[in-house]
Amino acid sequence: CTYETSSRGVTLYWYRQYHNGEPQYLMWKQARDWSYTGTPADRRFQMATSETSTELTITGVTL
């Protein structure tokens with residue numbers, strides 16, 4: 001996911017939403033201060049951020 005902002009205090013959040021369901025919080029991270037990260041709802045979730053994008057990685061996915 002990419003974004004543009006002039007703000008210095010950027011906090012990025014990831015949610016998931018199943019069909020007809022409510023959004024469910026996954027995790028958050030400060031985009032420009034890589035030391036602050038919220039505790040993920042599931043240890044399989046990892047989040048990487050930069051000054052213009054964020055990426056969510058989910059390990060151990062099965063179908």
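The values are calculated or read from the model by the stated rules, or taken from the named source; none is laboratory data. What you are looking at is a predicted structure, and each value in this text was computed from that prediction instead of being measured. Cβ: placed from backbone, ideal geometry, glycine included. Neighbour counts: every protein chain shown.
Against the condition part of a strand (DSSP E or B) and either touching a strand residue (DSSP E or B) at 6+ places or on another chain (Cβ under 8 Å) or on the phi < 0 side of the Ramachandran plot (or both), how does LEU26 come out, does it pass? Criteria met by LEU26. Of all residues in the stretch 45-54, exactly one satisfies the criterion of being assigned to a strand (DSSP E or B) and exposed (fewer than 12 other Cβ atoms within 10 Å of the Cβ), namely ALA48. If the condition is being among the hydroxyl-bearing types (Ser, Thr, Tyr) and under 29 Å from SER6 (Cα atoms), then the stretch 38-62 contributes THR39, THR49, SER50, THR52, SER53, THR54, THR57.
Among the residues of the stretch 8-23, those that are assigned to a loop (DSSP other than H, G, I, E, B) and at pLDDT 85 or above comprise VAL10, GLN17, TYR18, HIS19, ASN20, GLY21, GLU22, PRO23. For THR39, indicate whether it is exposed (fewer than 10 other Cβ atoms within 10 Å of the Cβ), part of a loop (DSSP other than H, G, I, E, B), among the β-branched types (Val, Ile, Thr) and within 12 Å of the chain's Cα centre (by Cα). The answer is yes for THR39.
Figure legend. Inter-residue proximity from the stretch 14-29: first residues free of Cβ contacts under 8 Å to residues at least 40 places away in the same chain, second residues basic (Lys, Arg) and part of a strand (DSSP E or B), beta-carbon distance below 7 Å, spacing 6+ or different chains. Indicated pairs: GLN24/ARG16; LEU26/ARG16.
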